[in-house]
Structure formats: structure tokens, C-alpha cells
1. Give 316, 340 a once-over and let me know the one that is touching a helix residue (DSSP H, G or I) at 6+ places or on another chain (Cβ under 8 Å) and modelled with pLDDT of 90 or more.
2. Could you list all residues from the range 356-382 that are more than 19 Å from residue 307 (Cα to Cα), buried (at least 17 other Cβ atoms within 10 Å of the Cβ) and out of contact with any helix residue (DSSP H, G or I) (no Cβ under 6 Å at 6 or more places or on another chain)?
3. Go through the range 963-972 and give me each residue that's outside any loop (DSSP other than H, G, I, E, B) and surrounded by fewer than 19 Cβ atoms within 10 Å (Cβ to Cβ).
4. Test residue 810 against the stated conditions and say whether it is modelled with pLDDT of 90 or more and within 23 Å of residue 772 (Cα to Cα).
5. With the condition kept exactly as written, say whether any residue in the range 325-332 is over 30 Å from residue 149 (Cβ atoms), assigned to a loop (DSSP other than H, G, I, E, B) and either touching a helix residue (DSSP H, G or I) at 6+ places or on another chain (Cβ under 8 Å) or not assigned by the TED database to the domain that holds residue 392 (or both).
6. How about the range 254-272: which of its residues are part of a loop (DSSP other than H, G, I, E, B) and out of contact with any strand residue (DSSP E or B) (no Cβ under 6 Å at 6 or more places or on another chain)?
7. Hey, among 882, 886, 869, which residue is part of a loop (DSSP other than H, G, I, E, B) and within 26 Å of residue 927 (Cβ to Cβ)?
8. Filter the range 895-933 down to the residues that are at positive phi and out of contact with any helix residue (DSSP H, G or I) (no Cβ under 7 Å at 6 or more places or on another chain), then identify the one that is surrounded by the most Cβ atoms within 10 Å (Cβ to Cβ).
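The values are calculated or read from the model by the stated rules, or taken from the named source; none is laboratory data. The structure displayed is predicted, hence computed values, not measured ones. Note: ideal-geometry Cβ built from the backbone for every residue, glycine included; neighbour counts use all protein chains shown.
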């Protein structure tokens, strides 16, 4: 069944929804797969028109704004000589006649007024109830009677009765209410069996304190009506136009005639025929009646205008529109409006027009001069009222692009891998024209897997990823064809802890939270999230500590609080968008990464959307971000509801603030960027760009803080306070005669040390820690208590007197909080001290700062541990001990105690300061777990963060570095004790590599010292190394080889006794032990021609033989 709201009653939207009740569908472009036997809406791009059931999608996607015609689709009808549909039976069929035939029975039952007529509500004499009567409705089987306190057709009505008759008596005893009657036919199609509701009628069950007012009709030329009625109530009646179908809401005026008599005047300023429903309320009783305006006599004006106007980007144009109406002239002028459909592309200031009256009407001259670089297509709507009619004409306006701003592509961007988790990011690029970019991979990574999808990439590291990786890519701008090469470096995220940001945040529901210097979260005010389990009521009046003190940042909006842990993980409290619960009273983690850096502040208590920054300075959104969806940064408002979404492809964001109208950021160079959707672009402080975020011009110094509030922005820079948006014209601190400052201007202010602002309130601390406030409301009934200067303070910038002195100030909706130098938390403004919540009761508001809690100064960091004149909470090394506060937080040290730098928490002979300088863990003696203490590795120039060096042998002594540590030897000296024996050899044979005396000992009693054994290569614990039965020392003594068992059978002295036997005999193996036989008897003498050799010759031969045998063999 089609549905619509009361504001669309009688319009084409209502006809569209009724069409659904009759079976009609949307156009083919929107519902291409639907059954073609149904009637469909029809879109004609040539005439830029669409029928009742059609959507605008096809028009929008083709850059056209299509006029909606008051017809259902029908090929027999024509608009600008083109049929309004395609004949039935074809694939794209859209036939009005099919729908009418299908719904003829239903339509027949709704003939005439379309609802039961003549509904009258009257009181009976004893005032016990209300009697209702109405006229019969043709075809009705019964009637449904509804009541409502709002008198709206579609909301807040309750079915109170069903009856087959045409009257009903209500004796419920309820005070004044509106009644409706609806006819029902049970036999009609389901979903289309009810008539429209009757026009509402009101009745009273406790007497007519307000006289009945009948339905009225106006057909006079002046279209003005005067109605008299009486009221017995003390309070004057209140008039409301509940609904109307006129181009302009009727104007009304109420005159008190005295004695309970009143006269109500109604005027139809549009002079069109139509109906209005008026509600008169006094006390809790009201009367509702209808007024019908008719009888207009003159013909409407005719507008002759060009269908389309075209001009170039950063130029202007002018054109004329003829208005034909003989009744208008300088004495009888027309009412005229020229409205832009796109306030960013064609802002109000860019369109100027003038009217010159002629004999047959008037000529309208329109000048368009946009002061920006935007391009695209939109339209102007001209509306003319001649006293009786309201007519309009739409003119398409196209700004043709002729300029191009080249994209910003950083040559190199470093990103960090969080453990083994995939890295998913946008490829770094920024283009002010928002042109389409093409991305081409040039060089892939070496230690991981990469996938690129349009402008985003996903990187997954390999298991052997160590320190870093990189890939390069090319960005090509489609408009110009220009290309830019870039590289992304991926590194392991270093272990670190975030330093808590001491801050106070609050939302409109009075959820107040304070994060202190120690990381402790405090909460008070509303208990709607059940954070305070120890209380049974709905508020906590004073700050109460929540959870353990390990938080680094906090942000809050109406839905939830976001918390960043000091380890970089993201958590939430309050409404849990993942499960749809609002009972999240303990932190729940969002995602699994530990790379979150900060939650940006909300400048106006942004109702649903958070912005966050990661450690690589990328920008993310989380929540229901309607304003970002309107700007096209996310697909729709719910896209970022389940998990954060990256909304910028730049990686240089440092800080900023986010409001419902504007986003303002500071980059790493101190430059300010702003972003605003089309409807708020005039508050962005710069010329409009196609892209959402763009630099703010006019700020010439480094920005330190920014605060976008209600339609204005403040920036604290090195040169003072600047602002843009809707600001006071005079002083500029008088806060009246507001004008739009489209670019940043310098404001007169004290020398600033701290800036805070929310909504209409500005809080400044100067360099003397004096507080200055400005802003507030114009309503004198609502004291400007948030200024802290009394009930009706001057709204200009002025100092707040306070004897104790201020340390920090925080603005929160219509309250202001301050922390004093003595640790007091104070509040002023619309604040209920008994509940800790926001209040609108004048007697509960406070207009001067009032204490609500006391904190320890050390807890707040308002101490100066290192006595350098800078408070601890403003420093990154509060105690000036060389250890950053974040590092001390990570390892459980005291940020306010310099003495712990010299301590050795893990007893590894390295002080905590040395551990920080080395990057080691001060609580682990062996950071890399390789078996060698950090200090020993440092002593011998190893890497205490690399376990691989434990298995190396730096001095080639056959001992690994880990073994050297275990034995106490020097890993860079193969002979630690300098005894001539290497450490590894001594360890191998059970000697002491740290004792030089064992070099001269003979462990195996083989006649060789240990040093000789090492030099010879023999075993110092085995007297017979080669096992040949001869001791090593004996073999060395007699020139044998103690490593060769074969020489046991040798006979060096040729005495036919082998060496082993010589050893056993105790003889010298080098001296023959062979017995010389006695010389033979002398031979007989013979002649000289024969006989034997002389004896001396035999001896010589024997000596030669022995020599050869010993030395030459």
C-alpha cells in the first residue's frame, strides 16, 4: 500500500501513493524486473518530464531536472507533442488505461468527496461525552472512527470504534480531541478498501469552553475571512494552520474583543483555490475547522523564458524573462521570487534580478555572477504572484567547465601495518575538481599481497614480513590526462602508548565525561546509558570514576561515547549500532586494530556522527553521518553505522572539530581545511569547491585549534583569533546586527592560550589564565548563564572574575565548565546542580561558576614535576627524565617521577633510560627472547631486538653467541682467557675457557699438556687419541703420529720390532734393538783374480741400506 504524510494531502505525491493502492508501480528505470502487466511511471528525457508514478533517478543520472506532470502514464496522451507512455504489451509498457481498468471498481467507490462528508461533533446536555454524526458514504459496509490530539491525518490517531451506522457517541471522558471517520468496504481489494479520512472535527466532553466553529468558505475577491468566536478560558487562544494545499500558507491575525470574544482574520495571499485546516486552542481544549478558498476571476500571468541558460565557469551571464499580464503595472506590482535549486552551485548572492513594467506586463532581467570555480547543471525557479494566482517557470542553468585544477598526489606516503592484520586504505590523492582518477600499479610489494579496487587498496603481509615493504602506482586524471607517480611505504607499527588528552565532553542529553591526565574516565549527569550501576535513579550529580585508568581520548554525541584506549584500540558506550541496543554500559570494542589516534571534538554536540584520526593521519567517520552523505563522502547516512569508514584520501590530519553544518581540520603543516554540504557551503570560510574538504584562505599563520559552532567557526592561530561565518557586524563582539563573513577575518581578542566554543558561546583563556566569554542568546527570558557573568550579562567579550584562576575551560551546549588551578570543577549555565543535568527551568539555572567537584592536582597534571614552568598535562615528558610520557605509560612507570629513569626494573644492567634509547622492554631482561640479556647483547654490539643473532658464531670458535653468553666467554674473542686454546675447544673437552692455567695441565697423563693436545689436535682427556695402544705423548716423543693408528705396526729402526712392541718393551723405536751376529772367521786367502770382498765393504753397504730403509723408503 502506498503511504504519504499529511503535508502531501491533495498533491501529486498523494496521487502517487494512491496509484500504488491501485496496483501501479514505479518507472522501468527504477524497477526493471517488475511484472510489465502493471502500469508504470514514464520518463521522457527529451522533454525532461515524468508522470505521476515515475521517480527522478533516470533524470538525475542524465543531469536533467524533470518536471512532474499531473497524469498517469498513457500513450494516448501527449506532452510537447510526445506520448506520455509506451503502448501495452511491449517490454517497456507503461499504459495509463491498464491501471484505470484494473482499479475501476475501487475508483467507483470513491466518487464525490472521497471521504465521508458532513462530520459534526456536539456535546450532549449533561456534558458526559461527544456525539458524532456524518453523511452516508456510497458502497461502505461500515465506518471506522478515529481520535487524535494532533488533528493530523497520518500520525498520532487511534481507532476507537467501528460502526455500520452514521453516528457514534464517545463517552471516554478524555479532554478535547479531534475525530476522523473513514468508510470501509470489506469486499474491495486488500490494501485499497478504505476511503480517505474525513476532515477532522473536534469535540469536548467537559463543556463548551470554546465555541464551535463551522466549516468556512471564501469566494470574495480579496480572499479574506473574519470569524468570530468565544472562549471562557483565561489564556488567549492559539492559532495554528495544521494543513493546507495552497502555494503559500494563509496569513492569520487574532483580535481580542474583550469579555471572552475574539475575531480571527484569515487571508489567502496566493489567491489560488484550495483548502486550509485551522486549529484554535485554549487551555487543553481546541476546535478544528476547514476553510475553502475559491472564486478567483483573473487569468494567471504567462511567463516566457528560455528553457536553458549556458555560460562558462568563473564568468557571468544575463538574460530576460517576459511576464505577460495586462493587469500588472508599477501601481499594481507582482510578487516575485527567483530561487536556485542548488545553493552551492548558484548561491543566493550569485543571482540578482530587476523588474521593468511594460504595456503588456513586465520584463524580468536576471544577472548570474557566481564567485567560485564550480561547474555543473542546476536550475532557477521563477515564482510570480499577481494577487490571485501563483505561477512558476523552471529555467535550466549550465555552468560549462573550462578550468582544471591538477590533483595533489603525495610522492611518498608511509602507512603502518598493525600486526598481521590486513591494511585497507584509500590511495593518497586529492582533487579539488573531484575528477575521476585512474590508478595503475607500477611496482608491486615484495613481502606481501596487494589488491587494488578503484581508489582503494588492501595489503596483506607475508608470514616473513619484517620491517617494511612498498609499492608504487600511477594516478591519471581523466579530464586532463596528466599522470603522477607515487609510492606507499608500509612499515610495522611501532609499539607505543597514547598519552591521555585531558578534556571534558558533553552531549545534549547531559552525558558529561571528563578524561583526566592519568587516563581515568569520569562521568556524571544523565544515567540513560546505565553507566552508574550503583545508582537506581536517572542521574548522577557528581563525577564518578568509570573503569580502569587506561583511556587516551573520548568523544560523545547523542547516541554514544567513543573511547580510544592507550594501546590505540577503539571502544564505545551507549547505543550499540551493531546490536541495536542502548544498554551498552561497559566499553565494547569496535574492530580489532590498534591504530586509532584521536576522536575529533564536536563543535555543536553533533547529534549522531563522529570523526576520528588514525596513526597514519587518515580521517574516518563513524555513526549516522547525514551531513557526510549529503556531501557524497559516504553512500548514505547509515554506511558508517556498523564500522568506521575512511572519508579522505589525504594522510596529514592532525586535529579538528566537527559540527552538523561544517567540518574543520588542521593538517600537519598547520593549514586549516573546511568542509560543508551544499546547504551550508556559505559558512565554509572559502570559495566553494566541488570536493567537500578544501583549504581555507585568508589564514596566514599556523593554526593551533579550530571550533565550528552554530553557523560560524573560530580558529586559534599563532597570530590570534580568526573567524568566519555568521558573525556580528560591529565590534565584532556586541553580538547583534549579524552578517555573513564568507572568508576568515581577524578578531580583536586577548592573547590566547586556549580556545573552546559550542553553539553560541565562546570561551577563551588568555596567557595569564584569565577567562573571557562571549555570545549567548537574544531571548531575555533565558539568562545567558553560560557566560558565567550573571543573569543578564553583556553578550560581548568580557572577563570572568574568579579569584582562584583558571586552568582549563570547556563549553557544552548552554553550559560552561571550568577546571581551576586548585583542581575544582565548576559549572555555569542551564544546569541543575541537584541532578547534574541540563535544565530549562529559570529557577534551576545558574549564572556564575559554581563548584561541583574537587580533583587531586596530580591526577589532573596541574603539577610541574620538572619545574620548567610548563604543567605536566601540557608536556610529553612531564618529569624531564628523558622518557616520553607515552613510553612510561606503556611500561607502568611514573610520568611524574624522574628517578625511575635511573632504575633497572628488569635487572638486566640497563637503566630504564637506556632501555628507552635502545627500544628494549624495561620489564623484560631479554626483550627478543633469544636467551641473551639485553645488556649483554648491547655490551658485545648485538641487536637486543633481533633473536636471530643468538645462533651466529661471531668469532668462529664453534660457540654460538648464545653459548658464549651461557659460558661467560667473549663472543668476539675465540680465546677468551688467552691460553692458546680456543673457547669452543675448551668447552668441547670440559676445560675452562676462562682459566688460562689449564693450558699447562695434563688431564689424561699422556705426557702432553692441554695446550700441546690443542696444538696437535689430540684429545686432552684420552691418553691414546688414535687408539693404537701407544700414548699420545710417547708417540710425539718418538716422532710418531698420535692421530694415526697405523704407525703402531711401523718399524722405524728396522730392528724387526714394531713400534707398539717397542712401547711395550720400553725401547726406543728409533734405535735398533736387533742383536749383531759375531763376525765370521777370516776367509782363506785367494788369488787376486777371485775370492771374497773385504769386511770394510760389507759394513758400508749395510749402513746405506739402513739409511735408505729409514729415510728413503
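1. On the way: 316 fails: touching a helix residue (DSSP H, G or I) at 6+ places or on another chain (Cβ under 8 Å).
Among 316, 340, only 340 is touching a helix residue (DSSP H, G or I) at 6+ places or on another chain (Cβ under 8 Å) and modelled with pLDDT of 90 or more.
2. Correct list: 361, 372, 373, 374.
3. Across the range 963-972, the qualifying residues are 966, 967.
4. So residue 810 passes the test.
5. no
6. The first filter runs over the range 254-272 and keeps only residues part of a loop (DSSP other than H, G, I, E, B), leaving 259-260, 268-272.
Across the range 254-272, the qualifying residues are 259, 271.
7. One residue alone meets the criteria, 882.
8. That would be 919.
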